[in-house]
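Trainee: Following this message is one structure expressed as structure tokens.
Each value in this text was obtained by applying a stated rule to the coordinates, not by laboratory testing. Here the structure is a predicted model, which means the values were calculated and not measured. Ideal geometry is used to build each Cβ from the backbone, glycine not excepted, and the neighbour counts take in all protein chains shown.
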Amino acid sequence: MTNDEGASPLTRLTAIDVAVPTPARPELDELAAVARDCSDDVPPAAQLERVRRFLQPVLARRYDHAEARSRDLEQLEQLASGYSTRGRFLADLALDPPNSTSDLAGPPLLDEDYLVLSTIHSAKGGEWDVVHVIHAADGMMPSDMATGDEERIEEERRLLYVALTRARHALYVYFPLRYHRRNHPYEDRYHHAQLTRFLPEAVRGLFDRRTTFEDADVIEEMPVPAGTGTAGGVDELLRGLWAD
């Protein structure tokens, strides 16, 4: 073992005589040869190319996706081509390192956040961690087009059962308290919705009921028409109901 304190780390590495198992000796000797080929007077890109040639069979032996790792080394070679010294290249790389590497594009990862929009028919056979069933109002579930036939109503009931059984962990069922209409002067601006007939009280008792509607807040914010409370104001209001 040679002890040369003034030599570079790579030079000292090539001089170390390490006791290793016989099968590992050829690869260790090759590593020493790589160190000798990467002297300070060799351009950084050429040093990386030599290291990559040494690592390619190692990567192929140890990793499933060795090609992507090899391409990362090729990218480093290209980056190093603009530098004349290894020290300058490593300094810049340490100040601005890459955040990640990538492989060739493949199918999207389905464990990422995303939203699936589906009809109930299309949801048959599927399952999701969280399911949101919207418009659970009578006239929607069952459809008002099916209410004249008992068999069609039962089919609508089975469809709702399908929708409610698609959730693994959490189920949310929504229905509107009001359906707003076009604002004609001669009719109400909305009508009250009815929860689907397929969720009787015994079933509703299994749900946590919540609402986002507050009557008191809405009433306080509603403007009071000018002139109401007097006979003239009532006449004006009535005439306005029939105005275009």
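Trainee: What ³J(HN,Hα) values, in whole Hz, does the Karplus curve 6.51 cos²θ - 1.76 cosθ + 1.60 give for region 21-33 when θ = phi - 60°, with x put for Gly and Pro?
Mentor: The phi angles translate into x, 3, x, 8, 4, x, 6, 5, 5, 5, 5, 5, 5 Hz.
Trainee: Please list, in order along region 157-173, the HN-Hα scalar couplings obtained from phi with the Karplus expression 6.51 cos²θ - 1.76 cosθ + 1.60 (θ = phi - 60°), rounded to whole Hz, x for Gly and Pro.
Mentor: 5, 5, 5, 5, 4, 4, 4, 6, 9, 8, 8, 7, 10, 9, 10, 10, 10
Trainee: Then there is this: Could you give the length gained on full extension between residue 15 and residue 210, defined as 0.36 nm per residue of separation minus the Cα-Cα distance, in nm? Write out the running numbers ahead of the final one.
Mentor: Values: separation 195, 0.36 × 195 = 70.20 nm, distance 7.56 nm.
Computed gain between residue 15 and residue 210 is 62.6 nm.
Trainee: Run the numbers on region 9-95 and let me know its relative contact order in percent, using alpha-carbon pairs under 8 Å that are six or more apart.
Mentor: Values: 61 pairs, mean separation 25.3, N = 87.
Relative CO of region 9-95 lands at 29 percent.
Trainee: Okay, next question. Would you mind ranking 196, 211, 85 by Cβ crowding within 10 Å, fewest neighbours first?
Mentor: If I rank by nearby Cβ atoms, fewest first, I get 211, 85, 196.
Trainee: While we're looking at this one, here's another question. Amide H neighbours of residue 133 under 5 Å, at least 5 residues apart or on other chains, H built in the peptide plane: list them.
Mentor: 172, 173, 174
Trainee: Which length gain, in nm to one decimal place, applies between residue 95 and residue 130 when the Cα-Cα distance is subtracted from 0.36 nm times their residue separation?
Mentor: Extending this stretch completely gives an extra 8.3 nm.
Trainee: Using a 7 Å offset from the Cα along the Cα-to-Cβ direction at both residue 179 and residue 79, what is the distance between the two label points in nm, to one decimal?
Mentor: Placing both labels 7 Å along Cα→Cβ, they lie 6.1 nm apart.
Trainee: Give, in nm to one decimal, the length gained when the segment between residue 167 and residue 239 is fully stretched (0.36 nm per residue of separation minus the Cα-Cα distance).
Mentor: Gain on stretching residue 167 to residue 239: 20.6 nm.
Trainee: Ranked from highest to lowest mean number of other Cβ atoms within 10 Å per residue, what is the order of the peptides 46-52, 22-28, 152-158, 202-208?
Mentor: Top to bottom by mean Cβ count within 10 Å: 46-52, 152-158, 22-28, 202-208.
Trainee: Taking θ as phi - 60°, what are the ³J(HN,Hα) couplings along region 122-136 by the Karplus curve (6.51, -1.76, 1.60), each to the nearest whole Hz, with x for Gly and Pro?
Mentor: The phi angles translate into 6, 7, 4, x, x, 9, 9, 4, 10, 10, 10, 9, 9, 6, 7 Hz.
Trainee: Can you list residues from other chains, or at least 5 along the same chain, whose modelled amide H is less than 5 Å from the amide H of residue 138?
Mentor: 194, 195, 196, 197
Trainee: A follow-up question, please. What ranking of 145, 140 emerges when the number of other C-beta atoms within 10 Å of each C-beta is taken as an exposure proxy, fewest first?
Mentor: Result, fewest neighbours first: 145, 140.
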